[in-house]
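To keep things clear, I will list the structure first and then write my remarks on it.
Nothing in this text is a laboratory measurement; each read-out follows from the coordinates by a stated rule. Small disclaimer: the values here were computed from a predicted structure and weren't measured. As a convention, Cβ positions derive from the backbone with ideal geometry for all residues, glycine included, and neighbour counts pool all protein chains shown.
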Amino acid sequence: MVRVGIIGSVGSGKSFVANIFKELNFNIFSADNEVNNIYKKNKNINKKISKFFKLKLYKARINRQELRDALKKNPKKFSFLNKIIHPIVRKKLILFLSKFKKTRLVVLDIPLLIENKMFNFVDIFVYVKTRSNSFNTRIKKRKNLDKLFLNILKKQQRSEKIKEGYADFVIYNSSKNKVKLQVKNIIDKILLN
């Protein structure tokens, strides 16, 4: 099995690229989906978060906007969230890899792949690069990302230069058709070697 890790900045289109792999019938592990599931279903984690950030629970869940507001006031508290959520996501990743170990290629869409030093889970890094105007358009569509919160998220991540330095392949994110062609070329290169 070849494990392809998608890397890039917030809003570069990592999930967009991962979904193209999915359309081409490859299995995808999405850390964002796993985190969303934790917030939706894990009452114990929601309780810990609500206690730490002094947030109200609504039907055993925290309000994500209230959590973002609390993080904007004190970004250093991100480390608490990372300590309780990342180990769960890592376990889910290990289960995913074991479930699909007989497949030829899997894709890992994990925003903090480099930052969390998860190199042992990845064979090939694909870096997603986007033009600044495309980036700005994409960010504006995300209701949960105002400029302040976006800057906080960016500070959690390594620089573009560092991330690109890990890349085995670079995808220039423009139109869907162009990205699809680049993805197909990468798949051919990986699976034919």
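Size descriptors for region 3-86: radius of gyration and Dmax over Cα atoms are 15.2, 44 Å.
Proximity of backbone amide H atoms, modeled 1.01 Å from N, is registered between ASN27 and VAL107 at under 5 Å, excluding neighbours fewer than 5 places apart on the same chain. Near ASN63, the amide H atoms lying under 5 Å from its own belong to TYR58; only residues 5 or more places off or on other chains count, and H is placed 1.01 Å from N. In a simple Cβ point-charge model (Lys, Arg +1; Asp, Glu -1; nothing else charged), region 1-44 has a dipole of about 180 debye relative to its Cα centre.
Multiplying the residue separation of LYS43 and ARG68 by 0.36 nm and removing their Cα-Cα distance gives an extension gain of 7.1 nm. Couplings 3J(HN,Hα) of region 68-81, computed from phi: 4, 4, 5, 5, 5, 6, 9, x, 5, 6, 4, 4, 5, 4 Hz, in residue order, whole Hz [Karplus 6.51 cos²θ - 1.76 cosθ + 1.60, θ = phi - 60°; x for Gly and Pro]. Separation of the alpha carbons by more than 22 angstrom is noted, of LYS99/LYS161; LYS77/LYS161; LYS40/LYS92; LYS129/LYS184, for LYS99/LYS161; LYS77/LYS161.
Taking Lys and Arg as +1 and Asp and Glu as -1, the other residues whose beta-carbon sits under 11 Å from that of PHE121 total +2. Annotation: aspartates and glutamates with alpha-carbon distance below 17 angstrom to LYS102 (same-chain offsets under eight excluded): ASP123.
Here the spin labels are modelled as points 7 Å beyond Cα on the Cα-Cβ line, and at TYR166 and TYR58 they lie 3.4 nm apart. Annotation: amide H-H contacts under 5 Å for PHE125 (H modelled 1.01 Å from N, sequence separation of 5 or more, or interchain): GLY5, ASP168, PHE169.
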